[in-house]
1. Would you tally the net charge around P218, using a Cβ to Cβ cut-off of less than 13 Å, leaving P218 out, and scoring K and R as +1, D and E as -1?
2. Tell me the relative contact order for segment 1-127 as a rounded percent, counting alpha carbon contacts under 8 Å between residues six or more apart.
3. As a test of the formula, what do you get for the chain when each DSSP H run with n ≥ 4 contributes -39,500 (n - 2.57) and the sum is divided by the residue count, at 222 nm and rounded to the nearest 500 deg cm²/dmol?
4. Dipole magnitude of the chain about its Cα centre, charges +1 at Lys/Arg Cβ and -1 at Asp/Glu Cβ only, in debye to the nearest 20?
5. Enter the angle in degrees (range 0 to 90, nearest 10) between the Cα long axis of helix 166-177 and the first principal axis of the Cα atoms of the chain, meaning the one along which they spread out most.
6. What's the local net charge at Q28, with K and R +1, D and E -1, over the other residues with C-beta under 15 Å away?
7. Restricting to Cα pairs below 8 Å that are 6+ residues apart, what does the relative contact order work out to for the chain? Please round to a whole percent.
8. Among Q46, G139, T167, whose Cα sits farthest toward the positive end of the charge dipole of the chain (+1 at Cβ of Lys/Arg, -1 at Cβ of Asp/Glu, about the Cα centre)?
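No lab work stands behind these numbers, since they all come straight from the coordinates. This structure is a prediction, so every number in the text was calculated from the model and none was measured. Quick reminder, even Gly has a Cβ in these numbers, built from the backbone with ideal geometry, and neighbours come from all protein chains shown.
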Amino acid sequence: MTQTVLLAEDDRAIRHALERALTLEGYQVTAVADGVEAIAQAHRTQPDVLVLDVMMPGIDGLQVCRVLRAEGDRTPILMLTALVETADRIAGLDAGADDYVVKPFDVEEVFARLRALLRRTNGSAAFEMPKEEEKVPSGQVSVAGLRMDVQARRAWRGARELELTRTEFDLLELLARNTGIVLDHATIYDRIWGYDFGPGSKNLAVYVGYLRRKLDEPGAPALIHTVRGVGYVLRED
């Protein structure tokens, strides 16, 4: 079944080029030029995935994202941004985006990230099974004071529920299901994004940093640890 993409990009040349590339890749694309049109079109057609430019006149991509999330719309959102600072990327995650691509981008990277978002939406992302002693009722993950309901896509640390984006939830689940095991960068990229963006990418570090901010509590042990030169591990020290 053909998957539908709603593309919002105010730069005509980029919009037309990306629309053509996505169409040739097999997607059914609706392209609009601003945030107002994006919200209206999202209400009318309910696309499988949205691709939003951050910097648009009037209602920008971040505002579109906030509006849709406030309405309870969980359609995966990929942001296109020319802003390269970590704080700018975090703003997109704060707004509820699932992933981002920095301009100028390689269209193959856009394809890879869209495939990963749609694969996770369809529930086909692969994760390691928990060890025998960690097994809990189907669809549940519980470790180190962290509890996750995979079917409902909800997570708690202690009594506090965590507000996680789709990508953050998937990353936390992967780490939790492999508690005490150091997962290297390539493995995490493959499991979460379906594509290794190479040693120069800061994508994973940004998501880990943001996930830590949501998990960490004053006086409580940190859960996600960096193993320099290798990757990340979830454990309670």
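1. For residues surrounding P218, the net value is +1.
2. Answer for segment 1-127 is 21 percent.
3. About -11000 deg cm²/dmol.
4. Working: 29 positive and 37 negative charges, 86 e Å.
So the dipole magnitude of the chain works out to roughly 420 debye.
5. That works out to roughly 20 degrees.
6. Neighbourhood net charge equals -1.
7. Across the chain, relative contact order equals 13 percent.
8. G139
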